Amino acid sequence: CARLPTQTPESALDRAAHEQALRALEHWRLGAKIGVRLPGDSGSARLSWEQDGERYRLSLSGPLGQGRIDIDGDPTGVTLTEAGEPPLEAASAEQLIFDSTGWELPVTALRSWVLGLTEPGAPVAQLEVGPLGLTRSFQQEGWQLRYDRYRQVESLYLPGLVVARRPLTDGSEIRLTLAVHEWSLERD
Amino acid sequence: AGEELTSRLANLVSLQGTFTQVLLDDAGREMERSSGRFVMQKPGRFYWETLEPFPQQLISNGQTIWLYDPDLMQVTVRQLDEQLEKTPALLLSRDPKALTTAYDVSKVKEQVYTLTPTESEPLFVSLTMTFSDTGISEVSVEDGLGQRTVFSLTDTRVNLPVDESLFHFNAPEGVDVLID
């Protein structure tokens, strides 16, 4: 099957400088596929996510472009639009996504995780760094993050395949798999 | 127009070719694009493989539907249900008479028909199907937000014999099979 290109730096990168550059990113856009595995419900959707400072737009759509959901957010609030449904408003994206899809997506934390960064201001456990200075895994806010693949985007290395799992009390787990197919850092 | 469409679809036993799928926003700007190949055969069997920008296979044998994502190493298995029946890909492989009861059909011009769902909670607002001498050349689906998904079908061939195994999916080693 189509193997995603793995691009890693030839020699170990300066991790602190690399992380600082990632944290300084004001504008980025990704095109990905997100797989969700929940007890009793699983599926996959196409995800596009554009972040511009504090404003963001997430779009989720199923195969053949069905069931498209657009989520627009900024510090004042979040709106979800879906064809055939009245727009939904909420204070947080987490609540909005749960109300409309039943999926628990840690959107605020994902904003850092998707860049390969831990979320600022929250404790991190079991941070593992690969030989080339790229994050391999860590635990944060009850989630276990694992970075299986990276892609080179301009001078940075951004995740290509991320798996996030959250064990649940009944022994089952929530698992999100994000396969990123396209990164863009310019403002178009 | 309904009978015309029904008869056109009736002699369409199978259709295969390549597709480009483009999502246009309400101002007609392109937001997303994907492409791949497809095979459809009555009743209810189809194979829809997206190649760009990501790999994905949507396969149905008429009862079960598989959504295989090699990049996620995951396949979701569902039984074909009422809701899924309405997706454009299935429209072509469904029995034509069912179409004219579920949709109002109007003839836009030669070879072009528009279907408008008659039921209350439709999956789409309207679907326009353009025929060509080698089958169907375009299907355009409009949702309630003015966004349109346009499937352009190219090098299409009609009623060729189809390898049945195409409509059954066997999960490769190491792929998570998620039964819904």
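What the table below lists for this structure:
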| quantity | calculated |
| --- | --- |
| Selected residue [within 20 Å of A:Ala32 (Cα to Cα), at pLDDT 95 or above and assigned to a strand (DSSP E or B)] from A:Leu178, A:Leu127 | A:Leu178 |
| Restricting the stretch B:106-126 to residues that are of a type in the set (A, V, I, L, M, F, W, C), closer than 22 Å to A:Leu64 by Cα and assigned to a strand (DSSP E or B), the residue that is nearest to the other protein chains (Cβ to nearest Cβ) | B:Leu115 |
| Residue in the stretch A:114-134 that is farthest from A:Ser48 (Cα to Cα), counting only those that are over 15 Å from the mean Cα position of the chain (by Cα) and buried (at least 17 other Cβ atoms within 10 Å of the Cβ) | A:Gly133 |
| Hits in the stretch A:43-79 (condition: within 9 Å of another protein chain (Cβ to nearest Cβ), hydroxyl-bearing (Ser, Thr, Tyr) and under 13 Å from the mean Cα position of the chain (by Cα)) | A:Ser48, A:Ser59 |
| Strands (runs of 3 or more DSSP E) contained in the stretch A:22-101 and holding at least 2 residues of a type in the set (S, T, N, Q) and within 23 Å of B:Leu145 (Cβ to Cβ) | A:41-52, A:55-61, A:77-82 |
| Residue ID - farthest from A:Leu30 (Cα to Cα), chosen from residues in the stretch B:54-76 that are assigned to a loop (DSSP other than H, G, I, E, B) and facing chain A (nearest Cβ under 7 Å) | B:Pro55 |
| Within the stretch B:105-132, considering residues that are modelled with pLDDT under 90 and of a type outside the set (A, V, I, L, M), the one surrounded by the most Cβ atoms within 10 Å (Cβ to Cβ) | B:Phe124 |
| Residue tally, condition under 16 Å from the mean Cα position of the chain (by Cα), surrounded by 14 or more Cβ atoms within 10 Å (Cβ to Cβ) and not aliphatic (A, V, I, L, M), over the stretch A:14-42 | 7 |
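The values are calculated or read from the model by the stated rules, or taken from the named source; none is laboratory data. If you're wondering where the values come from, they're calculated on a predicted model, not measured in any experiment. No Cβ is skipped: glycine too gets one built from the backbone with ideal geometry, and neighbour counts run over all protein chains shown.
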